[in-house]
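Engineer: First the structure, then my questions, so here it is.
The values are calculated or read from the model by the stated rules, or taken from the named source; none is laboratory data. This structure is a prediction, so every number in the text was calculated from the model and none was measured. Because the Cβ atoms are built from the backbone with ideal geometry, glycine has one as well, and the counts that use them run over all protein chains shown.
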Amino acid sequence: MRSLFKKIMAFFMSVLAFLGLIQPPATEPSPEEPAVQIISGHNMSVDVSAKGVIERAYCTDEQCGESFEVGIILPMKNTLRGSFDCSDENYRMVDNSTVFVYNSTDFDGYVSEMKNRGCELVRTYSMGDNRYALMKHPYFTVYISLLCAEGQLRVNIGRSDELAPPQMTGTNSGETPPKLWQLSIANVSAKQHGGMGYILQLSDGSYIIVDGGYDTDADAEAIFDVLVQNKPLDCEKPVIAAWFITHQHADHYGALYRFTRNYKDAVEVNAFFCNFPYRDFDDIHPQNCRNLEGVMASWTGAALYRKLHSGMRFRICNADVTVICSFEDVYPFDFSDGNDTSLVFQVSLGGQRILFTGDAEYGESDRMKYLDASVLQSDFLQYPHHGYDKQCKENFYEKVNPAVVLWPMPFLNHVTGETIFDWRYEARAENAWVRNAACVKKIVVNDEGLTCFDLPYMPEGERICDYSSLTGN
């Protein structure tokens, strides 16, 4: 009865307001949609509680110091499984992203509710049965992932400027045949073994670089030589359309430091791509991440796409890139160590797929095993973590089903002279799959020297080189 009375009174008051006999009551912002304050031209980072409350926004300009109360509550709190803080508190103005995992598959409902909280839908993606959405609020970005095989929603809250690469960059013009190079890494006087570097050439003559090797003149020069010797004749400078850094280990990113010092005026770089955690993981440290992003930012005119999330797809000239896995995907699985912060992505070029895994180990492997084989299948596989301990697992390799394995590892420990490849390949249990897989027709080790593959590449000849003749054993 009381409810009916309230409805009648509300209707009566609305009629009086419509006739202009009374003023309608002032409305206040909903607690889920607080008034938004904007600092023109500044980017924002936010504090998010473990229960999914976006509490406060900070300007990322450290000289500005402005901050605002926010109070936005993320949807579906009752299904929250857990959260993972991707960054250290000391770096919240640089990178303060948080991952939330929900026991829910209501992807469309989550997107709709975030729109009601002031977010704009920027882009959607799909990868197999999984669905993804990038949304933007004036204070933050939201990346929503529906993982069908696991019955989960994963939500990443990040900085306001963490947007996706354009869906198309470059002109897709030109007639340069597509190529892939595996670089030989100069391990001498550096670490005992490791290192990784790859270069792809696109139809307009520009390049994609993946990692590069150590901070040595030799590794930087090896990259530069490939660029100069293969650039189109009408190009004054080699153009690097994209440089990907898989993770924060010196045998992968070091060459970018030396290359920047030695060749910055001789080369153009259009964009850098990465996704680093701003917290300690074993030997991954926030300050190193910030230093490397500083090196990337020092290249005039180069864009920095610093948060590639799984599911993102984009085209660089005639190469299609799909992000398969990032460190944020590992939670709630355990991180093996800093290697499980590797960015895993696939490049489709010249009618073939090349899967780059960096140093991915068990944590990322356990996440990727849920992806459909149609997503992971690749013609080339960059063998994870140099074929060392705790690399990816057999159920992942079976879905990749590669014809060619690119193995970034030397035959010798170039510091001690000890042979290290033979016993890892022949005896280690973790390499049993690559030794025995019928699908693998060719294994190419980077210590064989600079190797160029014209794409599409059809493997022929011996499955693996006679490495005993190269090591003297």
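Engineer: Take Arg279 and tell me if it is surrounded by fewer than 24 Cβ atoms within 10 Å (Cβ to Cβ), among the basic types (Lys, Arg) and touching a residue at least 60 places away in the same chain (Cβ under 8 Å). Before the answer, list the steps.
Structural biologist: Details: surrounded by fewer than 24 Cβ atoms within 10 Å (Cβ to Cβ): yes; among the basic types (Lys, Arg): yes; touching a residue at least 60 places away in the same chain (Cβ under 8 Å): yes.
Answer is yes for this residue.
Engineer: Same structure, new question: In this structure, does Val99 turn out to be surrounded by 15 or more Cβ atoms within 10 Å (Cβ to Cβ), in contact with a helix residue (DSSP H, G or I) (Cβ under 8 Å, 6 or more places away or on another chain) and within 19 Å of Leu134 (Cα to Cα)? First the steps, then the outcome.
Structural biologist: Numbers: surrounded by 15 or more Cβ atoms within 10 Å (Cβ to Cβ): yes; in contact with a helix residue (DSSP H, G or I) (Cβ under 8 Å, 6 or more places away or on another chain): yes; within 19 Å of Leu134 (Cα to Cα): yes.
Yes.
Engineer: Could you check Asp265 against (1) in contact (Cβ under 8 Å) with a residue 40 or more places away in the chain; (2) farther than 25 Å from Gln391 by Cα and say which number it fails?
Structural biologist: Exception for Asp265: condition (1).
Engineer: What's the total number of residues in the range 361-383 that are surrounded by fewer than 19 Cβ atoms within 10 Å (Cβ to Cβ) and among the small types (Gly, Ala, Ser)?
Structural biologist: Residues flagged as surrounded by fewer than 19 Cβ atoms within 10 Å (Cβ to Cβ) and among the small types (Gly, Ala, Ser) within the range 361-383 amount to 2.
Engineer: Kindly provide the set of residues from the range 372-397 that are of a type in the set (S, T, N, Q) and either in a strand (DSSP E or B) or closer than 16 Å to Pro410 by Cα (or both), ordered by number.
Structural biologist: So the first thing to find is which residues in the range 372-397 are of a type in the set (S, T, N, Q), and the list is 374, 377-378, 382, 391, 395.
Correct list: Gln382 only.
Engineer: Could you go through the range 340-347 and let me know if any residue there is among the acidic types (Asp, Glu), in the same structural domain as Pro456 (by TED's automatic domain parsing) and in contact with a helix residue (DSSP H, G or I) (Cβ under 9 Å, 6 or more places away or on another chain).
Structural biologist: Step one: of the range 340-347, the residues among the acidic types (Asp, Glu) are 340.
When the remaining residues are screened for being in the same structural domain as Pro456 (by TED's automatic domain parsing), the result is 340.
Among the residues that remain, those that are also in contact with a helix residue (DSSP H, G or I) (Cβ under 9 Å, 6 or more places away or on another chain) are: 340.
Yes, the range 340-347 has at least one match.
Quick grid of which residues meet (1) under 30 Å from Thr176 (Cα atoms); (2) among the β-branched types (Val, Ile, Thr):
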position: Ala255; (1), (2): yes, no
position: Asp283; (1), (2): no, no
position: Ile316; (1), (2): yes, yes
position: Val323; (1), (2): yes, yes
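Engineer: Could you tell me which of the residues Glu394, Glu426, Glu364 is free of Cβ contacts under 8 Å to residues at least 24 places away in the same chain and among the acidic types (Asp, Glu)? Working first, answer last.
Structural biologist: On the way: Glu394 fails: free of Cβ contacts under 8 Å to residues at least 24 places away in the same chain; Glu364 fails: free of Cβ contacts under 8 Å to residues at least 24 places away in the same chain.
Result of the check over Glu394, Glu426, Glu364: Glu426.
Engineer: Now a separate question. Asp265 passes all but one of (1) in a loop (DSSP other than H, G, I, E, B); (2) under 18 Å from Leu343 (Cβ atoms); (3) among the charged types (D, E, K, R); which number fails?
Structural biologist: With (1) in a loop (DSSP other than H, G, I, E, B); (2) under 18 Å from Leu343 (Cβ atoms); (3) among the charged types (D, E, K, R) applied to Asp265, the lone miss is (2).
Engineer: Further, regarding this structure: Can you say whether Asn401 is at pLDDT 90 or above and surrounded by fewer than 17 Cβ atoms within 10 Å (Cβ to Cβ), as far as the supplied structure shows?
Structural biologist: Details: at pLDDT 90 or above: yes; surrounded by fewer than 17 Cβ atoms within 10 Å (Cβ to Cβ): yes.
Spelling it out, Asn401 is indeed at pLDDT 90 or above and surrounded by fewer than 17 Cβ atoms within 10 Å (Cβ to Cβ).
Engineer: Are any residues in the range 59-70 more than 10 Å from His42 (Cβ to Cβ) and in a strand (DSSP E or B), and if so, which ones?
Structural biologist: Keep residues of the range 59-70 that are more than 10 Å from His42 (Cβ to Cβ), which gives 62-63, 65, 67-70.
Across the range 59-70, the qualifying residues are Ser67, Phe68, Glu69, Val70.
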